[in-house]
Structures are given as C-alpha cells and as structure tokens.
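Read the figures in this text as sums done on the coordinates, not as results from a lab. Here the structure is a predicted model, which is why all the values come from computation and not from measurement. Cβ coordinates were reconstructed from backbone atoms using ideal geometry, including for glycine residues, and neighbour counts include every protein chain displayed.
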Amino acid sequence: MTTPAAPTTRGDAPAELSHRQIMVILSGLLLGMFLAALDQTIVSTAMRTIADRLEGQTAQAWVTTAYLITSTISTPLYGKLSDTYGRKPFYVFAIVVFIVGSMLCGLAQSIYELAAYRAVQGIGAGGLMSLAFAIVGDLVPPRERGRYQGYFMAVFGISSVLGPVLGGAFAGQDTLLGLDGWRWIFYINVPLGLLALFVVLRRLHLPRHRSKARIDFLGAALLTTTVVPLLLLAEKGRDYGWGSPTSLGLLALGVVSLIAFVACERRMGEAAILPLRVVSSSVFSLTSVTAVLVGAGMFGGLVILPLYLQIVRGASPTAAGLQLIPLMVGIFIASAISGKFMSRTGRYKVLPTIGTALMFTALMLMSTLDPQTPLPQTMSYMLLMGSGLGLSMQTLVISVQNALPPRDMGVATSSVTFFRSLGGTLGAAVSLAILFGSLAANIQDRARAAGLPADVIDRFSSASALDDSSVIDTLPAAVRQAVLDGFADSMSTVFLVVAALLVPAFLLTLFVKEIPLRAKGGLAAAHADAKTEDALSASRAESAVL
C-alpha cells in the first residue's frame, strides 16, 4: 500500500494518514533509530576486545568520544536544516552516512582509524534520532502521538538488551565468514541500514521546501566549539586532572564560545540554528533543562548497571544484557500506558512528574545494591527505572513539539534530543569519574575492615590496579570479597549522586505549563496557519483598497 504524498501547495490540506500508513512509515524510522541506539550498546561491550586486536587499549576512549561529539553537535543542525529545506533529504542523508561510516569502521586497521570512522558514524546518528521524532511530529497530531511513542521506547529498550548480547557474541569469535568477529559489530548495520533506506525512499512522502534563508555557518561553528571542549572535558577530565591547565582551558573555551554563540544567534534572527524566540518559550526552556537532568540521570545510572552485573555479580556481557530485560519491559509498558493516557485525556504534564519520581526512587534503591543482593530484587529496581524512563523521555519531546509553532518542529525536536544527549554524556562521564575516583579508597577501607595484611591494602592504592577487572576472579576469597564490596560502595555513591539530579528535574516538571495537545499533525497545523495568514493578508489588502 503506497502512502499518499502530502501536497506542497497551500491550496490543499495534507491528507490524513491511516494507522496502517503511519506504521509503514514508522517501520523505516524505527529501523533508522534502531541502528543508532544499537550501535551505542553493541560497541561498548566489545570495546576491550577491539582495542586489544587493534593494539590501542590506551587510546580506546577516543573511539567513544569521537562518536559522542559528532552525534551531539550534528543534532541541532539536522533540526534547523530540515525545518528550512525538508526532512526526507536529510533523513536519507543521515542513513547513508551512517551506513558508510559503519563500513569504514569494519575496515579500520588501527584504533585511530576506528575513532575517525566512528566520528563519521556519529554524523549520521545525530540525524537518525532527532529527525525520526520530527517526522512523526509532522504526520501525527500531538494527542495521538503518544500511541506511537511506545514503539520508539521499545527500540531503546531492545537495543540496550540486544547490544551487549550481540557485542559479546561477535567479539567472542576469532573469525566469522573469513573476517575478524568484532568487525561484524559494524557490518551488521549495513543490511539494516539499506532496509531502512528502502522503506524511507518508497514510503515516506513529505512536502519539499524551497527556501532562500541564510545558513548559519558561524552559529554551527560556535556551537561546535562550545560543545566539543565540554564533552572532551567530561570524557577526559579525570585523565587530564580536573584542575589542570588543559581542563581549565577547555572549560574557558567552551564558555567563551557559548557567549559568542548567543550573540551570533541574536544577530541571525530567524536564520539561526536555535532562534532565540524559541528559547524565550518557558515550556522550551524548562523542558530543555529537565531533559539535561533526565539524560544525566538516565545514562549516569545505566552506565553503572552493566558494570554492577558484570563485575560485582560476575555475569558475562551476554548474561548481563539478558538481565537488563526488566528495564526494557518497564520502558515499553510505561510508554504504552502514557500514550493511551494522552490520547484519551489530552493531558501530559503529570507523566514526566511521575516518571522523574520513579527514576529517583529506583536510583535510591539501587544505591543499596551489594554483592549479596538477590538478582530478582535488582531486576525489580530495573523495572521501576524503566517505568520512569518510559513516562519521561518521549513526553518531554511531545510537550515541546506541541508548545512551539509547527514551522519549528525540527528545532523543537532536535533541541530536546540535543540537551538530553548532552546531559547523558556528562552524566555518564561524571558517574565513571566518581566510580573510579572513589574506588581505591573504598577497597582499602573494606580490606582494613576485613583485617587483611598491609601489603594487600597497599596494592589497591590506586584504581589503576584494577584496570583489568578479570584479575578479580584470580584473587584469594577474602581479598576478592573486599574488592567487590569496594566496587559496590563506589557504585552506591554514584547512584546517590545521580539520584540527586532527579530532584531538580522533578521540581521543574511541576512548573512546566501544560498546553492542550493539538488535534492536528505538524504539516496539517502548518497548512492551517498558512491559510490563516493568507486570509489575513487578503483582508488587509482589501481594507487598504477601501
């Protein structure tokens, strides 16, 4: 069944799509999102093996950092450009770039080549996430949009479970079909990407935009020099030293660039990547800050959970991935419930309020985890965490899409995605810094409490003593228990700190103004606005003649 093309003229309203037609389009969008979401989790599991094979263990952080930087800074660019010139060309571009980047990653011969190719992947990933949400915003009214958000959240949940399983399976193979096993971590994206590209090209029909608007190249450059130093500081600050000249220099560069970016956006007006009139919306401002905090809480907690399962509980990467299934179940069920709630009531404000409260509660409960905690109890905390995420993540996007004019659909969607991604990167970096920064002292305290000899305590005078966590299994029972308890203590501190971020997020949701959900999709609403403008213009012209 072919989806009808939406007319590009003002004379005809865009055709309403049936549920079946929307699901056909959604299949291509979900495949694209799945590529980006899976790539984050599948690579992290196998990174140690990949670094060993490419003889670049000490430089492996650049592989992650390069991807995060390009995916984060490209997100708002996709939003603004798609608002100006149309969504489909940029979504197709994002898929193609991601496929090319994946093929290049599979060909990498050194860790630095892999980092460069991951940067290419990140450019594509930035569009796969944000544009998928924007396209749904174009086609589906806000009140009905909740019906489909469960599918998006399921993609995140499935990728969080399937990624570690596939990553561990591929990395565990020396060769597969004549190639290094780890290379299939990237090659698996190619057929999935081609399928997504086929569906999008055949089924996604959106109006083409023709605009003579200026492109904000300077704003893009300043945004880059704002975000890149801050992300580098978050990722590498622990290695550089938080008070070192390098760290302080990166912080200063980011702050100066941010001030220059604001001045540039004011001068560019409507052509700006992030028009300041958008920032003046209280819904946008409060929701963006909330998105940063929710992103930090989400990724800050989720980056520790697999480490807890693998290090403290001794699960394999594959087993840890399967043990995260309750998280996915919570996300999917809560997303489905929130979608039905919005469709029936037209309300949404209460959802992120409850969601952030559930996330806070789950993280506080996770702070009590230790090596003896029963696995079912741990999994119940994951279910609670997933429920909070399912109520919060997409609801924040929908609230901003609904609050801003339809012409800003791309900016609205990409901005919330950008802030959540930025918060997630910072949250993950801070969580790992706290974990490894407190680890040595906590292990020493546990060793002293167990009455272990002084030489054993001195052995763990720095976190680098456990750079290879596999040595834990070779330690004597008493020493091993002290190490595992030390890890659990450090993880408990991380969960408490991350939970604290959800407190202001919860309070901010109370102040977000709830605007009734529109009954029209972005394209239909834009068409209605255009007809109103035409009628007003005609009325003014008639008045002038009289």
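Would you calculate the separation in nanometres between label points at L496 and L322, each defined as 7 Å from the Cα along the Cα-to-beta-carbon direction?
The two pseudo-label positions are separated by 3.5 nm.
Stretch V256-D445 to full length: gain in nm at 0.36 nm per residue minus the Cα-Cα span?
63.8 nm
Starting from the Cα-Cα distance between T373 and F217, subtract it from 0.36 nm times their residue separation and give me the gain in nm to one decimal.
50.9 nm
Could you work out how far apart the two model spin labels at F436 and A263 are, taking each label as a point 7 Å from the Cα in the direction of the beta carbon, and quote it in nm?
Each label point lies 7 Å from its Cα, and together they span 3.8 nm.
Can you tell me the convex hull volume per residue for the chain, based on C-alpha atoms, in Å³ to the nearest whole number?
Output value, Cα hull per residue: 151 Å³.
Normalised by the number of residues in the chain, what is the relative contact order in percent for Cα pairs under 8 Å and 6+ residues apart?
This gives 22 percent for the chain.
Please express the Cα-Cα pair-distance distribution P(r) of segment 275-319 as a list of whole percents, one per 10 Å bin, running from 0 to the bin with the greatest distance.
It works out to 25, 28, 20, 15, 12, 0, in whole percents.
Express the relative contact order of segment 217-272 as a whole percentage, based on alpha carbon pairs under 8 Å and six or more residues apart in sequence.
Over segment 217-272, the number comes to 46 percent.
Packing-wise, with mean Cβ within 10 Å as the measure, how do 265-273, 174-182 rank, highest first?
265-273, 174-182
Taking each full run of DSSP H in the chain as one helix, which ones are at least 27 Å long along their axis (Cα atoms) and have mean Kyte-Doolittle hydropathy of at least 0.5?
Membrane-span-like by this rule: 19-53, 87-107, 111-139, 217-240, 245-268, 282-302, 325-345, 375-403, 409-449, 477-511.
Taking Cα atoms of segment 93-217, Rg/Rh with Kirkwood Rh, to two decimals?
1.04
What FRET efficiency, computed as 1/(1 + (r/R0)^6) with R0 = 45 Å and r the Cβ-Cβ distance, is obtained for A454 and L107, rounded to the nearest 0.05?
Once rounded, the FRET efficiency stands at 0.30.
Local charge sum around L166 (other residues, Cβ-Cβ under 14 Å, Lys/Arg +1, Asp/Glu -1)?
0
Tell me the label-point distance for the pair D174, D239, using the 7 Å Cα-to-Cβ offset, in nm and rounded to one decimal.
In this crude spin-label approximation the distance works out to 3.1 nm.
Sort largest first and round to whole Å: the equivalent ellipsoid semi-axes of segment 217-272, each the square root of five times a Cα gyration tensor eigenvalue.
27, 9, 6
Using +1 at the Cβ of each Lys and Arg and -1 at the Cβ of each Asp and Glu in the chain, identify which of M47, L166, G390 lies farthest towards the dipole's positive end.
In the chain, that residue is G390.
Counting each DSSP H run of 4 or more residues in the chain as -39500 (n - 2.57), what helix-only mean residue ellipticity at 222 nm follows after dividing by all residues, to the nearest 500 deg cm²/dmol?
After summing the helix terms and dividing by the residues of the chain, the value is -26500 deg cm²/dmol.
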